[in-house]
1. Out of (1) closer than 28 Å to Gly99 by Cβ; (2) buried (at least 17 other Cβ atoms within 10 Å of the Cβ), the odd one out for Arg70 is which?
2. Give segment 57-102 a look and list any residue that's more than 19 Å from Tyr31 (Cβ to Cβ) and touching a helix residue (DSSP H, G or I) at 6+ places or on another chain (Cβ under 7 Å), or say none.
3. Just to be sure, is Glu55 of a type outside the set (Gly, Ala, Ser), in contact with a Lys or Arg (Cβ under 7 Å, 6 or more places away or on another chain), closer than 30 Å to Phe98 by Cα and modelled with pLDDT of 95 or more?
4. Test each condition in (1) under 18 Å from Tyr74 (Cβ atoms); (2) at pLDDT below 65 for Leu15 and report the one that comes out false.
5. Looking at Pro23, Pro79, which one is under 26 Å from Gly99 (Cα atoms), surrounded by 11 or more Cβ atoms within 10 Å (Cβ to Cβ) and at pLDDT 95 or above?
6. Anything in segment 30-51 that is closer than 17 Å to Trp82 by Cβ and either within 18 Å of the chain's Cα centre (by Cα) or touching a residue at least 12 places away in the same chain (Cβ under 8 Å) (or both)? List them, or say none.
Amino acid sequence: MEPQIVNLKVNTFCLSSRKPEHPGIFLERCYLKPLNINQSELARVLGISRRRVHEIIKGQRAISADTAIRLAQYFKTTPMFWLEKQQLWELYDASRRFGKEPGK
């Protein structure tokens, strides 16, 4: 039996056409700036490196499950709050890359 070739298309009607905010940028805008917390202080209280915090805030690093738990404990949210923001960003990013592949 020969394998079937499936043409995958991103179901764009499920994704917003608006670019979501990277969760790190959201973290800085909605939590760090209003609460007057700098990156070094956040890194210290979360028990992670300043570099990790910096990369998240600059949109260069994803919020992992570990980081989501730490952020949730500190800011009295849930880990899913952070992971959903990260997943929305990743879906948006992947859908854009998928549409730009040659031959699509």
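1. That leaves (1) as the condition not met.
2. The one that is more than 19 Å from Tyr31 (Cβ to Cβ) and touching a helix residue (DSSP H, G or I) at 6+ places or on another chain (Cβ under 7 Å): Ser95.
3. For Glu55, the condition - of a type outside the set (Gly, Ala, Ser), in contact with a Lys or Arg (Cβ under 7 Å, 6 or more places away or on another chain), closer than 30 Å to Phe98 by Cα and modelled with pLDDT of 95 or more - is met.
4. (1)
5. When all the criteria are applied, what remains is Pro23.
6. Cys30, Tyr31, Leu32, Gln39, Leu42, Ala43, Val45, Leu46, Gly47, Ile48
The values are calculated or read from the model by the stated rules, or taken from the named source; none is laboratory data. A quick note: this is a predicted structure, and the numbers were derived from the prediction, not measured. We place every Cβ from the backbone using ideal geometry, glycine too, and count neighbours over all the protein chains shown.
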